[in-house]
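The values are calculated or read from the model by the stated rules, or taken from the named source; none is laboratory data. This is a predicted model, so every value here is computed, not measured. Counting neighbours? That spans all protein chains shown, and the Cβs are built from the backbone with ideal geometry, glycine included.
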Amino acid sequence: MTGERAAGQEAWVRKCFSGGWRFESAALATSDLPSEGRYEVPFWGRSNVGKSSLINALTRQRYLARSSRTAGRTQQIIFFSHPEVGHFRLVDLPGYGYNQSGKTLGRRFGRSVIDYLSTRRAIHLLFLLIDPRRGLRPHDCEMLDVMDRYGLAYRCVATKADKIGDALEERMAALEQELASRGAYHQEVLCTSATSGLGLEAMRGMLFDLPRIYDAASAGSL
Ligand SMILES: Nc1nc2c(ncn2[C@@H]2O[C@H](COP(=O)(O)OP(=O)(O)O)[C@@H](O)[C@H]2O)c(=O)[nH]1
Ligand SMILES: [Mg+2]
């Protein structure tokens, strides 16, 4: 990275991740979605995997996204925005894998998420969170298949690294192996912890790069 670019990134990150994010809207059904933003970055994964905690840690705003010990609490698609980063939205999606609210509701919410993900053109990057202590579960594989089917660009993110201790390297290697055995293309799994801050700077850097990568790609295809 050139010095100039690094300084630009640092200034951007300082501006965007030192407060100022706020709840924008919540959608229960596709019909409630806000008009499409420019870059929407969803956080997805099993209930309790750490989606809300990661959004809070990333933005350095402890109480932005609701985090809870009870699985399956967030059942809406929740949009966060920042007045000075108008073209970005962070999106907290309902988790999958638990069905405490009843089967029918669960299925309906699941459908809304998939409709949202498959129709929104502003999604150029999705963070798919996985707990490396548990590895890929059948639901994770189902959702990975959905994303492959719709050609969605996602980045796998391992959460709660601080809970793993000495086995971290081994667990990460096992997860990489599981993902590689699916055959679909994937990039290296990003290892994070909302508690220790591990991996958060890398995620902020990815957000910084997103418009540049995307704008360059769309300029190239004109
Ligand atoms: N130790 C540790 N706990 C975490 C981390 N991220 C989330 N948790 C805990 O895991 C539980 C579920 O987190 P939450 O963000 O609500 O998960 P979500 O359902 O995916 O949004 C909460 O009790 C969090 O405090 C982490 O990085 N480290
Ligand atoms: Mg949550």
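Checking Pro132 against (1) under 17 Å from the mean Cα position of the chain (by Cα); (2) in a helix (DSSP H, G or I); (3) not aliphatic (A, V, I, L, M), which single condition isn't satisfied?
(2)
If I ask for residues that are more than 16 Å from ligand 1 (Cβ to nearest atom) and either assigned to a loop (DSSP other than H, G, I, E, B) or touching a Phe, Trp or Tyr at 6+ places or on another chain (Cβ under 9 Å) (or both), which ones from the range 26-69 would you list? Steps first, answer last, please.
Taking the range 26-69 first, the residues more than 16 Å from ligand 1 (Cβ to nearest atom) are 27-40.
Ala27, Leu28, Ala29, Thr30, Leu33, Pro34, Ser35, Glu36, Gly37, Arg38, Tyr39, Glu40 - these are the residues of the range 26-69 that are more than 16 Å from ligand 1 (Cβ to nearest atom) and either assigned to a loop (DSSP other than H, G, I, E, B) or touching a Phe, Trp or Tyr at 6+ places or on another chain (Cβ under 9 Å) (or both).
Inside the range 179-203, can you point out the residues that are out of contact with any strand residue (DSSP E or B) (no Cβ under 9 Å at 6 or more places or on another chain), surrounded by fewer than 17 Cβ atoms within 10 Å (Cβ to Cβ) and not in a loop (DSSP other than H, G, I, E, B)?
Scanning the range 179-203 gives Ala180, Ser181, Glu201.
Is one or more of the residues making up the range 168-185 touching a Lys or Arg at 6+ places or on another chain (Cβ under 8 Å) and acidic (Asp, Glu)? Give the derivation first.
To start, the set of residues in the range 168-185 that are touching a Lys or Arg at 6+ places or on another chain (Cβ under 8 Å) comprises 171.
Those still in the list that are acidic (Asp, Glu) too: none.
Scanning the range 168-185 turns up no residue that is touching a Lys or Arg at 6+ places or on another chain (Cβ under 8 Å) and acidic (Asp, Glu).
Residues checked against (1) out of contact with any helix residue (DSSP H, G or I) (no Cβ under 7 Å at 6 or more places or on another chain); (2) within 16 Å of ligand 2 (Cβ to nearest atom):
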residue: Leu129; (1), (2): no, yes
residue: Met147; (1), (2): yes, no
residue: Tyr150; (1), (2): no, no
residue: Thr159; (1), (2): no, yes
residue: Ala174; (1), (2): yes, no
residue: Ala180; (1), (2): yes, no
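Does Gly135 qualify as being over 30 Å from Trp12 (Cβ atoms) and either touching a residue at least 40 places away in the same chain (Cβ under 8 Å) or within 16 Å of ligand 2 (Cβ to nearest atom) (or both)? Talk me through it step by step, then tell me what you get.
Details: over 30 Å from Trp12 (Cβ atoms): yes; either touching a residue at least 40 places away in the same chain (Cβ under 8 Å) or within 16 Å of ligand 2 (Cβ to nearest atom) (or both): yes.
Here the answer is yes, as Gly135 does meet what is asked.
Name the residue that is modelled with the lowest pLDDT, counting only residues in the range 135-171 that are in a loop (DSSP other than H, G, I, E, B) and not small (Gly, Ala, Ser). Even if it seems obvious, please write down each step before you answer.
If we filter the range 135-171 for residues that are in a loop (DSSP other than H, G, I, E, B), which is where we start, we get 135-137, 151-153, 159-160, 164.
Those still in the list that are not small (Gly, Ala, Ser) too: 136-137, 152, 159-160, 164.
Values: Leu136: 95, Arg137: 93, Leu152: 89, Thr159: 98, Lys160: 98, Ile164: 96.
Among those that are in a loop (DSSP other than H, G, I, E, B) and not small (Gly, Ala, Ser), it is Leu152.
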